[in-house]
């Protein structure tokens, strides 16, 4: 009985493991984006970077808060003595040096430091930069997942078309064999049909590999394991019929919404603050301190007090021009960043114009291919019917089949161009719909 229970328990654990390993995800495009924002490794690292920046800010603030430390010492003169002659002609008096041991408690409080003030400001700016970097990582993750999602849908669509075409040709081949045997069709037509069918089966196998590769790339972007099953619920027709394309074409480009422009603006603030940091090196530093001393092993003659309170002022006087050179270097860095910012502004404006042009051309090409595919399907259906009636040769049917597949491939390529162009423009605008 106990052995049976153990076997049942082992079976349940095995089933649970298999179920976990074969996790199935049914994802719309938005659900895929949300899943990636929770599991993508780059996104998780961006969270850690923000957390680290927060800790660095607290570290900078804590440098100006009270600092307390304890220490102890022990000294032994190894039998040494001090000779003191109180009067000329009298023998000296020798005093032995006893071992000494002290316990110290030190408390320091920074009162004023230019470097501390600017350092805290720099830490705050660095934290804001890490938040911008976090937003950029999220945008990159969403963009990569979206592109991978599109690729899976398109490869699945191409695989579906090839599968249907292979099935149709197999059906035609099965119908053509009896016609060849009774002399109603030439063997050459059947052989040509066989060659075309073999080529399509190879194309289908290639498409299957591409579809699996696309799914693996999507798994990688999602942060899912290789064993995770994927079922995409999004439809290409819905995405292409979305009004977001028209709204995007009418939207005005605002540089402040672009994440790269915002980051270089933050870099400009950081570099400007570094000039203040170099200038602060010439300011005095004032520190208050308190020391408590406990004599664990006291000497015979001790005049040091147990409590000590004081101020320590440090004033930089002369550095042979070093601080001036450092400040000027920081100014040069600021000018460099400002030049980069202006260059980025020009690049983004040119990029926006080019991406609008790309999207407009992609839409025009897509609309043309949409009309072409409808005509190609009608033509292929008509020629296929003629072939079945013996009114068309096998070579003509193969040419018609190739033309139809080329039209389908061009249509899918045009669809991908529209989706990619729209995604690139949305990423530039900083809002992916």
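The values are calculated or read from the model by the stated rules, or taken from the named source; none is laboratory data. A quick note: this is a predicted structure, and the numbers were derived from the prediction, not measured. Glycine also receives a Cβ, built like all others from the backbone with ideal geometry; neighbour counts cover every protein chain displayed.
If you go through the range 208-242 and keep only what is outside any loop (DSSP other than H, G, I, E, B), without any contact (Cβ under 8 Å) to a residue 60 or more places away in the chain and within 25 Å of residue 366 (Cα to Cα), you end up with 208, 210, 211, 237, 238. Can you confirm whether the range 25-46 contains a residue that is more than 30 Å from residue 235 (Cα to Cα) and surrounded by 13 or more Cβ atoms within 10 Å (Cβ to Cβ)? Within the range 25-46, one or more residues are more than 30 Å from residue 235 (Cα to Cα) and surrounded by 13 or more Cβ atoms within 10 Å (Cβ to Cβ). Yes or no: the range 142-150 includes at least one residue that is without any contact (Cβ under 8 Å) to a residue 60 or more places away in the chain, part of a helix (DSSP H, G or I), surrounded by 15 or more Cβ atoms within 10 Å (Cβ to Cβ) and at negative phi. Among the residues of the range 142-150, not one is without any contact (Cβ under 8 Å) to a residue 60 or more places away in the chain, part of a helix (DSSP H, G or I), surrounded by 15 or more Cβ atoms within 10 Å (Cβ to Cβ) and at negative phi, which makes the answer no.
Taking the range 10-127 and the strands (runs of 3 or more DSSP E) fully enclosed by it, the elements with 3 or more residues that are more than 30 Å from residue 268 (Cβ to Cβ) and modelled with pLDDT of 90 or more are at 67-75, 100-113. When restricted to residues that are assigned to a helix (DSSP H, G or I), touching a helix residue (DSSP H, G or I) at 6+ places or on another chain (Cβ under 8 Å) and at pLDDT below 80, the range 345-397 contains 9. Would you confirm, using the coordinates I've provided, whether residue 301 is part of a loop (DSSP other than H, G, I, E, B) and surrounded by 15 or more Cβ atoms within 10 Å (Cβ to Cβ)? In short, no.
Among the residues in the range 132-145, are any in contact with a helix residue (DSSP H, G or I) (Cβ under 7 Å, 6 or more places away or on another chain) and under 30 Å from residue 281 (Cβ atoms)? The answer is yes; a qualifying residue exists.
Let's see how each residue does on (1) in contact (Cβ under 8 Å) with a residue 12 or more places away in the chain; (2) within 32 Å of the chain's Cα centre (by Cα); (3) surrounded by 13 or more Cβ atoms within 10 Å (Cβ to Cβ):
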position	(1), (2), (3)
280	yes, no, yes
290	yes, no, yes
306	yes, no, no
313	yes, no, no
322	no, no, no
333	yes, yes, yes
338	yes, yes, yes
341	yes, yes, yes
352	yes, yes, yes
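Yes/no per residue for (1) closer than 30 Å to residue 323 by Cα; (2) in contact with a strand residue (DSSP E or B) (Cβ under 7 Å, 6 or more places away or on another chain):
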residue: 206; (1), (2): no, no
residue: 217; (1), (2): no, no
residue: 228; (1), (2): no, yes
residue: 235; (1), (2): no, no
residue: 238; (1), (2): no, no
residue: 261; (1), (2): no, no
residue: 273; (1), (2): yes, no
